[in-house]
Amino acid sequence: MKSIVLRSSLIAALGGLLFGFDTAVISGTTDDLRRVFSLGDGALGFTVACALIGTILGALSAGWPADRWGRRASLLLVAVLYFVSAIGSAWPWGWISLLVFRFVGGIGVGMASVVCPLYIAEIAPASRRGRLVALAQFNVVLGILLAYLSNWLIGGLRPGGDAWRWMFGVEALPAALYFGLLFLTPESPRWLIARGREDEARGVLESVGSDEDVDGIRLALSDESGGRTESLFSKRYRRPVLLAIAMAAFNQLSGINAIIYYTPDIFRMAGYDRASALIQSVVIGGTNLALTMAGLSLIDRFGRRTLMLVGSIGYVLSLSATAYSYYSGHGGLLLLLSLVVFIAAHAFGQGAVIWVFLSEIFPNRVRAKGTALGSTVHWIMAAVISWTFPLIAARSGGHTFSVYALCMAGQLVWVLAIMPETKGIRLEAMEREVLLP
């Protein structure tokens, strides 16, 4: 594998790091936000969810700039949105302005969830595509861990007062770095061919050492729709659309984002104090990172379905144990262990697979739109789960996690009965070999 492929994939995947950081950083600020802005459970839930509402818009709209301006230009826009959100969220002039800046960051997260894996999938060789696209997911969980660590350190150095401002504001530094590094990456050769810039595409394909050629990619693009622009929702694409919707919905029905956003609150509900809850969050984040590394190293060896199968079984067992810990009143160690197993199951299964799967199951001509659809469904479900979690969990933590466990039993059935295997298949051959009924 050429060094430029690895370098470009790593730089693009930094959008995933900021995605994870922006997603998780609010978990350390919830107490301060309640105090500073006098928020109840519903208002706090909306404060968390407003960023996710932004992700829905970002995911829905990401396909247009990715197709019109290019994959790299879209990632530059993502970096700008992250930077503006970090500064604005750290120094808002009121609750409404905080919501606006969190919404802006959410747009960046939504776009990143579409364009980062899309870009990497289009420059990576088929034999390494799973691992390289999974770099984006690795960086998401690294960003989550860094957010937890940052919150813990800032909380210790500046207890109370304006600590929440610094928790939000530190994101501006990596956002600025990301913007600069993107100028070291090439444009996607598939996008260049689709725009008629074949000489540039040929140069990129040669530099990355691809075994594909311009004529083959152009022919695949032409064959997919006979040279016409087709609707994503045409009969031809029904199967990948349904697969993307199911994968994205199941990802959030596990409750993963509720746990990421409210990890300290979940432990405080079980009797931990604020400092202990923040450090337990770091334990959860570290587990997430370690198992994502394992999933990343195995995804191209054992395949997407095997990882999803193992993860689904782990989901059901750990969520059932979490529900029992609330029903029985035996929190403490049982709750910590069950959540560690849950995070491990997520990182090894859905966490490692979702963005790889969504970026590869759609044919070239609709890949940006299809990936955007899957990401949009993911963020709609995330917003619903995260907004309702504090309201529902305040009444019954056991019932909440029991519902999540039941949903993951449904995912297990879907993996066994419906989900196709996509490892090692060239993007241009995916429709013919996997997706046609």
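The values are calculated or read from the model by the stated rules, or taken from the named source; none is laboratory data. What you see is a predicted model; the values in this text were computed from it and never measured. Using ideal geometry, Cβ is built from the backbone for each residue, glycine included, and neighbour counts are taken over all protein chains shown. Surface accessibility is based on the protein's heavy atoms, side chains included, excluding ligands, DNA and RNA. Shrake-Rupley method; radii C 1.70, N 1.55, O 1.52, S 1.80 Å.
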Is there any pair with a first residue in segment 396-407 that is more than 16 Å from Gly329 (Cβ to Cβ) and a second that is modelled with pLDDT under 90 and buried (at least 18 other Cβ atoms within 10 Å of the Cβ) whose Cβ atoms are under 7 Å apart and which are 6 or more apart or on different chains, and what are they?
Tyr404/Gly255; Ala405/Ala323
So, in segment 134-151, how many residues would count as being farther than 21 Å from Ala344 by Cβ and either surrounded by 24 or more Cβ atoms within 10 Å (Cβ to Cβ) or not polar (S, T, N, Q) (or both)?
1
Six or more apart or on different chains, Cβ atoms under 6 Å: show the pairs whose first residue is in segment 90-103 and in contact (Cβ under 8 Å) with a residue 60 or more places away in the chain and whose second is outside any helix (DSSP H, G or I).
Leu98/Pro92
Quick check on Ile392: is it over 22 Å from Ile107 (Cβ atoms) and either crowded, with 24+ Cβ neighbours inside 10 Å or aromatic (Phe, Trp, Tyr) (or both)?
no
Within the group Leu181, Leu219, which residue is at pLDDT below 75, assigned to a helix (DSSP H, G or I) and open to solvent by 40 Å² or more (accessible area, probe 1.4 Å)?
Leu219
Residue list for segment 84-103, filter: closer than 19 Å to Tyr178 by Cα and surrounded by fewer than 22 Cβ atoms within 10 Å (Cβ to Cβ)
Val84, Ile87, Gly88
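To keep it simple, each residue is scored yes or no on (1) more than 21 Å from Thr292 (Cα to Cα); (2) part of a helix (DSSP H, G or I); (3) in contact with a Gly (Cβ under 8 Å, 6 or more places away or on another chain); (4) not polar (S, T, N, Q).
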residue	(1), (2), (3), (4)
Phe342	no, yes, yes, yes
Ala347	no, yes, yes, yes
Leu358	no, yes, yes, yes
Val384	yes, yes, no, yes
Phe401	yes, yes, yes, yes
Leu406	yes, yes, no, yes
Pairs only if they're at least six apart or on different chains, beta carbon under 8 angstrom, first in segment 240-257 and under 23 Å from Ser338 (Cα atoms), second small (Gly, Ala, Ser) and at pLDDT 90 or above; list them, first residue then second.
Phe250/Gly410; Leu253/Gly410
Within segment 295-313, residues within 28 Å of Ser150 (Cβ to Cβ) and at pLDDT 80 or above come out as Gly311
Considering Ala79, Ala51, which residue is part of a helix (DSSP H, G or I), farther than 22 Å from Ala163 by Cβ and in contact (Cβ under 8 Å) with a residue 40 or more places away in the chain?
Ala79
Which ones in segment 42-69 are open to solvent by 60 Å² or more (accessible area, probe 1.4 Å) and of a type outside the set (A, V, I, L, M, F, W, C)?
Arg68
Before we move on, is Glu421 more than 18 Å from Tyr261 (Cα to Cα), touching a residue at least 24 places away in the same chain (Cβ under 8 Å) and either touching a strand residue (DSSP E or B) at 6+ places or on another chain (Cβ under 6 Å) or open to solvent by 10 Å² or more (accessible area, probe 1.4 Å) (or both)?
yes
Which number in (1) open to solvent by less than 10 Å² (accessible area, probe 1.4 Å); (2) closer than 24 Å to Trp164 by Cα marks the one condition that Ala112 misses?
(2)
Which of the residues belonging to segment 9-25 are touching a helix residue (DSSP H, G or I) at 6+ places or on another chain (Cβ under 6 Å) and either farther than 25 Å from Phe101 by Cα or β-branched (Val, Ile, Thr) (or both)?
Ser9, Ile11, Val25
